[in-house]
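Engineer: This is the structure I have questions about; it appears just below.
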Amino acid sequence: MNREVRVRFAPSPTGALHIGGVRTALYNYLFARKNGGKFILRIEDTDSQRFVAGAEAYIVEALAWCGIEVDEGVSVGGPHAPYRQSERRDIYLKYAQELIEKGYAYYAFDTSEELDAVRAEYENRGDTFSYNAKIRETLKTSLTMPADEVKRRLCEENHWVVRFKMPADEDITMNDIVRGEVTVNSSTLDDKVLYKAVDKLPTYHLANIVDDYLMDISHVIRGEEWLPSLPLHVMLYRAFGWSDKMPLFAHLPLLLKPSGKGKLSKRDGDKLGFPVFPLEWNAEDGTISHGYREDGYLPEAFVNMIALLGWNPGTDQEILSMSDLINLFSLDKVGKSGSRFDPEKAKWFNASYLKQTPSKELAVSFEKVLKERGIDAPFEKITSICEIVKDRATFINDFWDLSCYFFEAPKEYDQKVVAKFYKGDNIERVAAAAGVLEAIEDFSAENIKEVLHGWIVSHEYPMGQVMNTLRLAIVGTNAGADLAEIMSIIGKQETIDRIRAIERCIKI
RNA sequence: GGUCCGUUCGUCUAGGGGUUAGGACGCAAGAUUUUCAUUCUUGUAACACGAGUUCGAUUCUCGUACGGACUACCA
């Protein structure tokens, strides 16, 4: 019971990691940190066919961006290295053979084509084919062949596999931290392939159990899609005699598409109107999928949002930092049902984090955006602008659109606003305002506001009319920050220039 | 088809034998503001269905429906 907590995230490098995978990694990480344990990153690349170059580097980078630190694994090494299964291929065969010696597994010599034919035959009869206790006796296996024939084929052929000998009729009872007790009868299960001679690689099931055992994994936290394989995995632990070292299992509910059917998958790319990947992903076929990072999400907001999909702290608090998450995390607060991802709430999280990010930090990012546009502004000014803009933005990417009037005079005026305000007495009043502003010595927002308001009030002008017309001249429309603040930031001369410019540009 | 898992507002969820079923996003209205936002207030909206157990079920049990996963020499 005092076992050290050791959890692993074990993705397959078949492409980008989607948000469901990130969430699995995150829960593993939170659980490890919460319990003073280790978080291990293992790459399960036992399928040479589906291997995608760059996928592993993507996974490592994505975890780093999220702030998920790897204690042991492909990127950092560790006492159980290597952490890439393709580099561990030598260890698996002897475990497969051990199972055969103990009578828990056997060699099967059917070719894929033969199997396909048998499968088709069953289906034509309306039966479902399952490589199980009933029919393995009729197939080409070490169970049905003479020993010397088996030996000969093992030497001469390279398409044999090792299959697990699933008991014909046995109730297998398992315990899942999220779902409780689950019982399945072995008659509904088939003889899964554990090892393939063709590429001298184990399948997921064998590699997974052997590595978890060898790496002393204490808890397996993974997606619900693995629940159907749990009986096999439990049987494997028993067959190896490792029951006392068997990890505890927690199967996480799946992430569903926001609309329509099914679980979220990599193939959804960004057809759904929001990114499914943490980072931008350039697929081999040339398609580029959006990433949260590139779309302007703050990693803290992304992690916060992902964490709350299928788990909650049991309180009303929703804005949670990584350390909050670590402190509060517990597997028994993980829900049982799948969650639909809500892009709107994701935006809300980002906007919330943007508001609480210090303006100086935002200014560093925004300065780069401005430089790309050829705008060179003092850092102080950029910081002040960020302070104003962050309350109105959802993403850093929005900052330019929301603050361009600080950097350049309006190129055009919103026609609706012109029609509403740029008429009658307003035209003369605004022109007069330029003179009033000109006379202000201390061009601070407070001072501008005081003088301007005093002037409007003393002449009994309608406040809304004058101010909105002035805003039209300065901003080009009826939106944006406090007008006095804008004037103060752009400066007296620019303010006056813009007021004079509107007279020239708009002819009534 | 078979096996397994699940089902509280549109979405994420809290709760749990007797509650005005709570919060958040969204949406709507109002307040504040010279504008747009922010902020604040209010409103909107849910226990899938049918039996059973019980004095009483949204909560427990069983069915039904619906949803999901798995059913490869993929993970």
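The values are calculated or read from the model by the stated rules, or taken from the named source; none is laboratory data. Values in this document were obtained by computation on a predicted structure and should not be read as measured data. Cβ: placed from backbone, ideal geometry, glycine included. Neighbour counts: every protein chain shown. What goes into the accessible areas is simple: the full protein's heavy atoms, side chains included, and nothing from ligands, DNA or RNA. Shrake-Rupley method; radii C 1.70, N 1.55, O 1.52, S 1.80 Å.
Engineer: Quick check on chain A: helices-only [θ] at 222 nm, where DSSP H runs of length 4 and up contribute -39,500 (n - 2.57) each and the sum goes over total residues. Nearest 500, please.
Structural biologist: It comes out at -13500 deg cm²/dmol, rounded to the nearest 500.
Engineer: Karplus couplings for region A:59-66 from phi (6.51 cos²θ - 1.76 cosθ + 1.60, θ = phi - 60°), rounded to Hz, Gly and Pro as x?
Structural biologist: Working through the residues one at a time gives 4, 4, 5, 5, 4, 4, 4, 6 Hz.
Engineer: What ³J(HN,Hα) values, in whole Hz, does the Karplus curve 6.51 cos²θ - 1.76 cosθ + 1.60 give for region A:242-255 when θ = phi - 60°, with x put for Gly and Pro?
Structural biologist: Whole-Hz 3J(HN,Hα) from phi for region A:242-255: 10, 3, 6, 9, 5, x, 7, 10, 9, 9, 7, x, 7, 8.
Engineer: Among the listed pairs A:Lys355/A:Lys416; A:Lys271/A:Lys347; A:Lys381/A:Lys492, which have their C-alpha atoms separated by more than 20 angstrom in this model?
Structural biologist: Check vs 20 Å cut-off fails for A:Lys355/A:Lys416.
Engineer: Which of the lysines could a cross-linker bridge to A:Lys196, judged by Cα under 25 Å and excluding same-chain residues fewer than eight apart?
Structural biologist: Within reach: A:Lys94, A:Lys102, A:Lys134, A:Lys140, A:Lys151, A:Lys165.
Engineer: What whole number of Å gives the distance from the Cα centroid of region A:1-30 to the Cα centroid of region A:199-216?
Structural biologist: 16
Engineer: Under a 5 Å amide H to amide H cut-off, with H placed in plane at 1.01 Å, what residues pair with A:Leu256 once short-range neighbours are removed?
Structural biologist: Placed amide hydrogens put A:Leu264, A:Ser339, A:Arg340, A:Phe341 under 5 Å from A:Leu256.
Engineer: Moving to a separate point now. For A:Arg6, what residues show an amide H to amide H distance below 5 Å, using hydrogens built from the backbone and excluding near sequence neighbours?
Structural biologist: A:Lys38, A:Ser218, A:His219
Engineer: A:Lys34: which aspartates and glutamates have alpha carbons under 19 Å from its alpha carbon, excluding same-chain residues fewer than 8 sequence positions away?
Structural biologist: A:Glu4, A:Glu69, A:Asp71, A:Glu72, A:Asp216, A:Glu300, A:Glu318, A:Asp324, A:Asp332
Engineer: Measuring with a 1.4 Å probe in the full set of protein chains, what accessible area per residue, in whole Å², belongs to region A:43-103?
Structural biologist: 48
Engineer: Which loop GluC sites (Glu not before Pro) in region A:209-312, with loop taken from DSSP, have no more than 12 other Cβ atoms within 10 angstrom of their Cβ?
Structural biologist: When the GluC sites (Glu not before Pro) of region A:209-312 are filtered for loop state and at most 12 Cβ neighbours within 10 Å, A:Glu284 remain.
Engineer: When the accessible area of region A:266-319 is split by element with a 1.4 Å probe, what percent falls to carbon and sulfur?
Structural biologist: Carbon-and-sulfur percentage of accessible area, whole number: 46.
Engineer: Within 14 Å, Cβ to Cβ, of A:Arg498, how many net charges do the neighbouring residues add up to if Lys/Arg are +1 and Asp/Glu are -1?
Structural biologist: Spelling it out: positives minus negatives among the neighbours equals -1.
Engineer: Students often forget the sequence filter, so: which lysines lie under 20 Å Cα-Cα from A:Lys336 once same-chain residues fewer than 8 apart are removed?
Structural biologist: Filter leaves A:Lys257, A:Lys261, A:Lys263.
Engineer: How charged is the neighbourhood of A:Pro228? Take every other residue with its Cβ under 13 Å from the Cβ of A:Pro228, and add Lys/Arg as +1 and Asp/Glu as -1.
Structural biologist: It works out to a net charge of -1.
Engineer: Another question, if that's okay. Order A:313-320, A:302-309, A:390-397 from most to least packed using the mean count of other Cβ atoms within 10 Å.
Structural biologist: Ranking, from highest mean packing down: A:302-309, A:390-397, A:313-320.
Engineer: A further question on this structure: Using a Förster radius of 35 Å, what is the FRET efficiency between A:Asp391 and A:His459 based on their Cβ-Cβ separation? Nearest 0.05, please.
Structural biologist: For R0 = 35 Å, the calculated efficiency reads 0.60.
Engineer: Still on this model: Tabulate in residue order the Karplus-calculated ³J(HN,Hα) for region A:396-401, using 6.51 cos²θ - 1.76 cosθ + 1.60 with θ = phi - 60°, rounded to whole Hz; enter x for Gly and Pro.
Structural biologist: Here the 3J(HN,Hα) series is 4, 4, 7, 4, 4, 4 Hz.
Engineer: Please list the non-local residues whose amide H lies under 5 Å from the amide H of A:Phe277, H modeled 1.01 Å from N, same-chain partners needing a gap of 5 or more.
Structural biologist: The answer is A:Tyr292.
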